[in-house]
1. So V82 passes all but one of these: (1) within 20 Å of R123 (Cβ to Cβ); (2) under 13 Å from the mean Cα position of the chain (by Cα); (3) open to solvent by 60 Å² or more (accessible area, probe 1.4 Å); (4) at pLDDT 90 or above. Which condition number does it fail?
2. What residue, among those in region 1-54 that are among the β-branched types (V, I, T) and open to solvent by 40 Å² or more (accessible area, probe 1.4 Å), is modelled with the lowest pLDDT?
3. Would you check if L91 is open to solvent by less than 50 Å² (accessible area, probe 1.4 Å), modelled with pLDDT under 90 and within 27 Å of L28 (Cβ to Cβ)?
4. Any idea which residue in region 103-123 is surrounded by the most Cβ atoms within 10 Å (Cβ to Cβ), counting only those that are of a type in the set (A, V, I, L, M, F, W, C) and closer than 18 Å to P80 by Cβ?
5. Quick check, is P75 modelled with pLDDT under 90, open to solvent by 30 Å² or more (accessible area, probe 1.4 Å) and either over 15 Å from A121 (Cα atoms) or of a type in the set (D, E) (or both)?
Amino acid sequence: MKTGEGYTILVVDDDPALRMLCRVNLELDGYAVLEAGSVDEAAEHTVTADVDVILLDVRMGEGLGNGLTLLDRLPAGHRPAVALLTGSVDLAHFERPVEVDAIISKPFALDDLATAVHDLATR
């Protein structure tokens, strides 16, 4: 059995190459992987699929923190684990505390991504 079987990961990033990199590597570990290039698309996935982990880019679309608007749109009840994908964001600059389960700094090693996703999915 692969480590990710039974878990669904949502990769939210406006960079298609990064989404593909994450998807391919996580699928090799057995995860079901959904991709979203926008917060709206990601919010739709969280309603229509049973998502276990969200990998969320902070800088999307119009700029700093735009990806974080997804946190306010997550459905009530089952909240997926959320890991921020960020290369240059200091979370102390945000007006409200950012409630996330992990931060994955870009660029990241694929082994680090796999470990973080496994830890979050099986928490």
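1. (3)
2. Filtering region 1-54 for residues that are among the β-branched types (V, I, T) and open to solvent by 40 Å² or more (accessible area, probe 1.4 Å), the one modelled with the lowest pLDDT comes out as T3.
3. It is false that L91 is open to solvent by less than 50 Å² (accessible area, probe 1.4 Å), modelled with pLDDT under 90 and within 27 Å of L28 (Cβ to Cβ).
4. Let us first name the residues in region 103-123 that are of a type in the set (A, V, I, L, M, F, W, C), namely 103-104, 108-110, 113-114, 116-117, 120-121.
Right, trim to closer than 18 Å to P80 by Cβ and you get 103-104, 113-114, 116-117, 120-121.
Numbers: I103: 15, I104: 20, L113: 19, A114: 17, A116: 19, V117: 28, L120: 20, A121: 20.
Per the stated criteria, the residue is V117.
5. On the way: modelled with pLDDT under 90: yes; open to solvent by 30 Å² or more (accessible area, probe 1.4 Å): yes; either over 15 Å from A121 (Cα atoms) or of a type in the set (D, E) (or both): yes.
Yes: the conditions hold for P75.
The values are calculated or read from the model by the stated rules, or taken from the named source; none is laboratory data. This one's a predicted model, so the numbers in the text were calculated from it and none came from an experiment. So basically every Cβ, Gly included, is an ideal-geometry build from the backbone, and we count neighbours across all protein chains shown. These accessible areas exclude ligands, DNA and RNA; they are computed on the full protein's heavy atoms, side chains included. Shrake-Rupley method; radii C 1.70, N 1.55, O 1.52, S 1.80 Å.
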